Structures are given as C-alpha cells and as structure tokens.
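Asker: Once you've had a glance at the structure underneath, I'll fire off some questions.
Bear in mind that the values in this text are calculations on the coordinates, not laboratory data. This structure is a prediction, so every number in the text was calculated from the model and none was measured. A quick note on method: Cβ atoms are made from the backbone with ideal geometry, for glycine too, and the neighbour counts reach across all protein chains shown.
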C-alpha cells in the first residue's frame, strides 16, 4: 500500500511539475512576444518620425540661417560691413562723379552779345536696372554754370544743385565698354549767383542789363548724351537744355555741355 501511495504521489508530483514547466514556458514566450511587438512598434514610430530626404523641409534651416545672417548684418557697423564686403547690392552702382562743362544762354534776343563759359560739376549718382539692357539713373550734383556777355566783358556764374533722372539704354556695339544712350530730364535749383565785372555805360537800347537778383531759382529741362563703363570707371558726355527763362525780360534759357568721369566707390569691396 505504501508503494502504491508513493507511486500515486510521484504521479501527481510529475503532473504538477509538468504543468508548472508548461506554464512557465508559455509565460516566458508571451513576455518575449510583447517585447518584440513593443520594439517593432517603437522602430516603426521612429522610422515614421524621421523625415525622408524628399520630405525634409530645408526652408526652416534656410530661414534660421537667414535670420542669423540678418542679425549679424544688422549688428555690424558700416565700417565692419565695408571691410567684410557685406554691403547692400545697390551700392555697387553708386559712383562719385566729377566733370567740366561749357554753359551759356540760348534762344535769346541778344544772342549775338552772349557767349559760353567754363564751369565744373561734382556729386553722387547711382543706377539700377529696370528692364533688359536699360538702367534708371538718379543722383545729386553741385554745378557751376553761367554765361559771358561780350559787349560789357562780364561773366555771370550761377551755382546749382542738379537732380538728373534719366534712362540709359545699352548699345549693341563695343559691349566690353558698355556704351549706353542717355535720355531723360533734370531739375536745377539755383543756390547762388555772382557777377564778375560791371556795366560801365547804362544804355538799354544797345546793351541788355542782366541782374543776378532777377535770375529764376528753379529750372527744368531735358538731358541726353552717351556714356561708357569699364570695370570701376564711368565716362559720360551729355547736354542739358533748360525750358525755363532765366529772366522775365528775355527769352534766354540755360544750356550746357558736360564731360564727366565717375568712379564706383564700393565695387572694390566686393
């Protein structure tokens, strides 16, 4: 009987051990499966969260870089920008210009008694492209104009601020020198005048008396000419013809011919 009981106990013990072993294996397998599924889901999530090359938005990076560059540009002084070459591009076409001129009066009733005189001009000008092969010019110049009255040997000098505004069209010939045809207008503001000499004989029937106090302050007219550009240098020949009478008592208007040389100040810093 004891042997039978022992055998029965052994039988139940083996069954319990078998069931415990199976349960342990099933539990371990379920844990491994859960771990694998979790890893797979995490890897899928990570793959979905990483953008492909086609999906990557480079504009964010570019905008960040642009903002950094812009802030750095704004924080720098003009001298630092000049040394590093970080200047606005419109300054590339800004030039210092100086020239000589011959000026006088035209369309006067006393034209036989009048002659031209020499003068000068200097200032700043710039231009920007407006359409194919054409540029828009603007600037401000200080100029000395005037005329000569032969019978009385008197030279009249007038000092102006000139504001030229014109278009320059590129010509097809000699492109290496960038020849351009100039057509436009100009506004002159007289800021002063002088008379070198005096009238000795007062005879209005023979000699017309010009008085600098009666010279009109504003003038406006047309300008045309030809220009050439090579590297940092600029050369121009142009004419100005005013349409405003210098004095009320005469039909005379101001006219000038100018030969000017310019230098692009900021191009060498690029």
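Asker: How much length would be gained if the chain were fully extended between residue 249 and residue 130, taking 0.36 nm per residue of separation minus their Cα-Cα distance, in nm to one decimal? Could you put the intermediate results ahead of the total?
Answerer: Working: separation 119, 0.36 × 119 = 42.84 nm, distance 4.22 nm.
Full-extension gain reported as 38.6 nm.
Asker: With the alpha-carbon atoms as the only input, what is the per residue convex hull volume for segment 153-238 in Å³?
Answerer: So the per-residue Cα hull volume is 150 Å³.
Asker: Next question. Give me the percent relative contact order of segment 87-269, please, defined on Cα pairs under 8 angstrom at least 6 residues apart.
Answerer: It rounds to 24 percent for segment 87-269.
Asker: For the residue pair residue 189 and residue 107, what label-to-label distance in nm results when each label sits 7 Å from Cα along the Cα-to-beta-carbon direction?
Answerer: For residue 189 paired with residue 107, the spin-label model returns 2.4 nm.
Asker: Treat each spin label as a single point 7 Å out from the Cα along the C-beta direction, and report the residue 181 to residue 257 distance in nm.
Answerer: Going by the 7 Å Cα→Cβ label model, 2.0 nm.
Asker: So, how do all the Cα-to-Cα distances of segment 165-204 break down into 5 Å bins, in percent, from 0 on up?
Answerer: The calculated distribution, bin by bin, is 6, 14, 12, 10, 9, 9, 8, 9, 9, 6, 5, 3.
Asker: What FRET efficiency comes out for residue 153 versus residue 231 if R0 is 35 angstrom and r is the Cβ-Cβ distance? Round to the nearest 0.05.
Answerer: Efficiency at R0 = 35 Å is approximately 0.20.
Asker: Next question, about the same structure. Specify the inter-centroid distance of segment 183-244 and segment 88-120, based on alpha-carbon positions, in whole Å.
Answerer: 7
Asker: Another question about this same structure. Based on the Cα atoms of segment 87-269, what semi-axes does the equivalent ellipsoid have, where each is the square root of 5 times one gyration tensor eigenvalue, given in whole Å with the largest first?
Answerer: Result for segment 87-269: semi-axes of 36, 15, 14 Å.
Asker: How do 171-179, 246-254 rank on mean C-beta neighbours within 10 Å, highest first?
Answerer: 246-254, 171-179
Asker: Modelled label-to-label distance, residue 267 and residue 140, 7 Å Cα→beta-carbon offset: nm?
Answerer: Going by the 7 Å Cα→Cβ label model, 2.4 nm.
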